[in-house]
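Data block below; observations after.
The values are calculated or read from the model by the stated rules, or taken from the named source; none is laboratory data. Because the structure is predicted, anything quoted here is derived from the model rather than measured. Note that each Cβ is placed from the backbone with ideal geometry, even for glycine, and that neighbours are counted across all protein chains shown. Calculation scope for accessible area: heavy atoms of the full protein, side chains included, ligands and nucleic acids excluded. Shrake-Rupley method; radii C 1.70, N 1.55, O 1.52, S 1.80 Å.
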Amino acid sequence: MRFKKLFYCIVSIFLLFQFISCSKKKADDAEREITLVMAEVNPAETIAGQMDQAFKEKVEELSGGKIKIDLQCSGILGDVDSVMELMLKPNSTIQIHRMSAVNMAMYGCKKSSLLSIPFTFSSKEHFWNFAASEDAATILDEPEVLGLKGLFFGEEGFRHFFSTKKLLSTEDFENLKVRGTNDAAMQGLLAGLKADSIPVNYADLYGALQTGIVDAAEQPIANYLANHFHKVAPYMILDGHTLGVMETIITLECWNSLTKNQQDILLEAGKYASDFCRKLSQTNEDKVKSRLLEEGASIAEVDDITPWQNACSEVIKNGAAVNPEFYHKILSYARQQ
């Protein structure tokens, strides 16, 4: 009898060991090595590119190398529309993409459109107060209707106009040929400034400035330098009409294929990359400005933003009408500075 009890005890221990081993094997199988392709339209040295790199490195660190991010910068995988066309289809070969809020708005994300209304954010601190809120989290959930999921926010600094011609005030924009994206905020802004909006693909912008197809465009100051736009359009005016808000997205198909642990790794790495971006953006602009001046660019300051706001009053009103309650929530985070 004692022998049988001992035998059953040994068998039970053996089966328990087998169960644990089997469970561990399944967990190991689930955490197999995967590679996620990430697209970036800007060069690696830009704020966006450096944020992407921080995300990549943190994902690979937290996963012990089991999740690899194949980051492709400088538009190697195509422009924004080409990448999005792939990501909106099943079995996309690109899983992650760093997008601007403007681009997200162009794909129907209405809350994202509020982020690019001119003069919404009074400072970078205003934006980051908002980005850390539950209200901001609802914007990251918004693209799920497209089959996409937002992972984290970033910002690449306030956007400014630059030109082949000297810009000193709003009056200099009348009849100026400005590269305009096909979103309501930019079209309304250019209309308010009485400029002519000319559609030009971002990849073709340098040549368009060089050949006179357009006289001017707008970018954050770091992108202005990194893309060498100052070589063909050396005049920049620091009007800061919008903040370059960024949203990093992943296809829902890819997201749903990941284990909970893998999803948590991406989210934690996203928080890290977002914080990295915040610190980088705050310290980067003075260095960039100094280098631009050294390389011959002319940079005009804006002492009074009122004429710019007045020129944008109609587009601000129309943009906020998309969701007035939520827009006022965004504005309210300025008081937390």
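Looking at the square roots a ≥ b ≥ c of the eigenvalues of the Cα gyration tensor of the stretch 48-92, which shape do they give, rounded for a/c under 1.5, prolate if a/b is larger than b/c, or oblate? Oblate, because a/c is 1.5 or more while a/b does not exceed b/c. Were the residues from His228 through Lys194 laid out at 0.36 nm apart, the gain over their Cα-Cα distance would be 9.6 nm.
Based on Cα contacts under 8 Å between residues 6+ apart, the stretch 221-312 shows a relative contact order of 63 percent.
In the context of the full set of protein chains, residues of the stretch 136-183 present 39 Å² of accessible surface per residue (probe radius 1.4 Å, heavy atoms only).
Taking a ≥ b ≥ c as the square roots of the eigenvalues of the Cα gyration tensor of the stretch 253-322, is the shape rounded (a/c under 1.5), prolate (a/b larger than b/c) or oblate? Judged from the Cα gyration tensor, the stretch 253-322 comes out oblate (a/c at least 1.5, b/c at or above a/b).
Going by average Cβ density within 10 Å per residue, which order do the peptides 232-239, 93-100 take, highest to lowest? Please list the in-between numbers first.
On the way: 232-239: 21.1, 93-100: 23.2.
By packing density, highest mean first, the sequence is 93-100, 232-239.
Axis of helix 260-294 versus longest Cα principal axis of the chain: the two differ by about 30°, to the nearest ten degrees.
Add -39500 (n - 2.57) for each DSSP H run of 4 or more in the chain, then divide by its residues: what number comes out at 222 nm, to the nearest 500 deg cm²/dmol? Working shown, then result.
Numbers: 15 runs with 166 residues, N = 337.
Calculated from helices alone, the mean residue ellipticity at 222 nm is -15000 deg cm²/dmol.
The antiparallel fraction among DSSP beta bridges confined to the chain stands at about 60%. For the stretch 63-142, the alpha carbon convex hull comes to 151 Å³ per residue, rounded to a whole number.
Based on the mean of other beta carbon atoms within 10 Å per residue, what is the order of 247-258, 80-91, 107-118, 285-296, most packed first? Walk me through the intermediate numbers first.
Working: 247-258: 19.4, 80-91: 15.9, 107-118: 22.2, 285-296: 13.0.
Ranked from most to least packed, the peptides come out as 107-118, 247-258, 80-91, 285-296.
Per residue, the accessible area of the stretch 265-337 comes to 62 Å², computed with a 1.4 Å probe over protein heavy atoms only.
Once you have the Cα-Cα distance between Lys279 and Phe326, take 0.36 nm times their residue separation minus that, and quote the gain in nm to one decimal.
Numbers: separation 47, 0.36 × 47 = 16.92 nm, distance 2.69 nm.
Computed gain between Lys279 and Phe326 is 14.2 nm.
Taking loop as defined by DSSP and a crowding limit of 12 other beta carbons within 10 Å, which trypsin sites (Lys or Arg not before Pro) in the stretch 166-236 fit?
Working: sites: Lys166, Lys177, Arg179, Lys194, Lys231; in loops: Lys166, Lys194.
Of the trypsin sites (Lys or Arg not before Pro), the ones in loops of the stretch 166-236 whose Cβ has at most 12 other Cβ atoms within 10 Å are Lys166.
How much net charge surrounds Asn42 when only the other residues with a Cβ under 14 Å from the Cβ of Asn42 are counted, with Lys and Arg +1 and Asp and Glu -1? Around Asn42, the charge tally is -4. Checking every one of the GluC sites (Glu not before Pro) in the stretch 116-224 against DSSP loop status and a limit of 13 other Cβ atoms within 10 Å picks out Glu174.
Taking a temperature of 20 °C and a viscosity of 1.002 mPa s, what whole-number D in µm²/s does Stokes-Einstein yield for the stretch 204-337 with Rh from Kirkwood over alpha carbon pairs?
In µm²/s, the coefficient rounds to 115.
Normalised by 2.2 N^0.38 Å, where N is the number of residues, the C-alpha radius of gyration of the chain stands at 1.20.
Carbon and sulfur together cover what percent of the accessible area of the stretch 64-115 at a 1.4 Å probe radius? Mind showing how you got there, number by number?
Details: 1170 of 2210 Å².
Answer for the stretch 64-115: carbon and sulfur cover 53 percent of the accessible area.
Counting lysine pairs in the stretch 156-272 that sit 8 or more residues apart in sequence, or on different chains, and whose Cα atoms lie under 28 Å apart gives 10.
Label reach from Asp135 (point 7 Å along Cα→C-beta): in the stretch 227-260, amide nitrogens under 18 Å belong to 243-246. Over the stretch 239-337, with every protein chain in place, what whole percent of the accessible area is carbon and sulfur at 1.4 Å, could you tell me? Its accessible area is 47 percent carbon and sulfur atoms.
Classified by the C-alpha gyration tensor, the stretch 158-215 has an oblate form. Its axis ratio a/c, with a ≥ b ≥ c, is 1.5 or above, and a/b does not exceed b/c.
Here the Karplus curve 6.51 cos²θ - 1.76 cosθ + 1.60, taken at θ = phi - 60°, turns the phi angles of the stretch 140-151 into couplings of 5, 7, 4, x, 4, 5, 8, x, 10, 9, x, 9 Hz, with x standing for Gly and Pro. With both labels modelled 7 Å from their Cα along Cα-to-Cβ, the Ile34 to Glu301 distance reads 5.1 nm.
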